[in-house]
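J.: Have a look at this one before I ask anything.
The values are calculated or read from the model by the stated rules, or taken from the named source; none is laboratory data. Note that the structure is a prediction, hence the values are computed from the model and not measured. Glycine gets a Cβ as well: all are built from the backbone with ideal geometry, and neighbour counts include every protein chain shown. Accessible surface areas use protein heavy atoms only, side chains included; no ligands, DNA or RNA. Shrake-Rupley method; radii C 1.70, N 1.55, O 1.52, S 1.80 Å.
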Amino acid sequence: MTPYRMLNIFADFETALYFSTITFSTVGYGDIVPAHARRILTALEGVNGSLLIGC
């Protein structure tokens, strides 16, 4: 279960998984955007993904 689904940021699992995957892989399409209060979580996941995948 993704943190986005646990925090009820997205309504369904598929959307949360899709958003988490594109954010972690640092692709960042931008077609799905979380609420303003949760954007720091998104930024941290992007940094984490770039460090883990990039190494």
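J.: With the requirement that a residue be small (Gly, Ala, Ser) and touching a helix residue (DSSP H, G or I) at 6+ places or on another chain (Cβ under 8 Å), what does the range 1-51 give you?
T.: ALA16, SER20, SER25, GLY28, GLY46, GLY49
J.: Now, a different point. In the range 11-28, which residues are outside any helix (DSSP H, G or I) and out of contact with any Ser or Thr (no Cβ under 7 Å at 6 or more places or on another chain)?
T.: ALA11, ASP12, SER25, VAL27, GLY28
J.: Scan the range 29-55 residue by residue and report those that are assigned to a loop (DSSP other than H, G, I, E, B), touching a residue at least 24 places away in the same chain (Cβ under 8 Å) and not small (Gly, Ala, Ser).
T.: Selection gives PRO34 alone.
J.: ASN8 passes all but one of (1) open to solvent by 50 Å² or more (accessible area, probe 1.4 Å); (2) in a helix (DSSP H, G or I); which number fails?
T.: The single condition ASN8 does not satisfy is (2).
J.: So which pairs qualify, if the first residue must be in the range 12-25 and without any contact (Cβ under 8 Å) to a residue 24 or more places away in the chain, the second must be assigned to a helix (DSSP H, G or I) and not β-branched (Val, Ile, Thr), the Cβ gap must be under 7 Å, and the two must be at least 6 apart or on different chains?
T.: From the range 12-25, the pairs are PHE13/ARG5; ALA16/TYR4; ALA16/ARG5; PHE19/TYR4.
Listed here are the residues, each with its yes/no results for (1) surrounded by 12 or more Cβ atoms within 10 Å (Cβ to Cβ); (2) polar (S, T, N, Q).
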site	(1), (2)
TYR4	yes, no
ASP12	no, no
THR15	yes, yes
SER25	yes, yes
ILE32	yes, no
ALA43	no, no
ASN48	yes, yes
LEU52	no, no
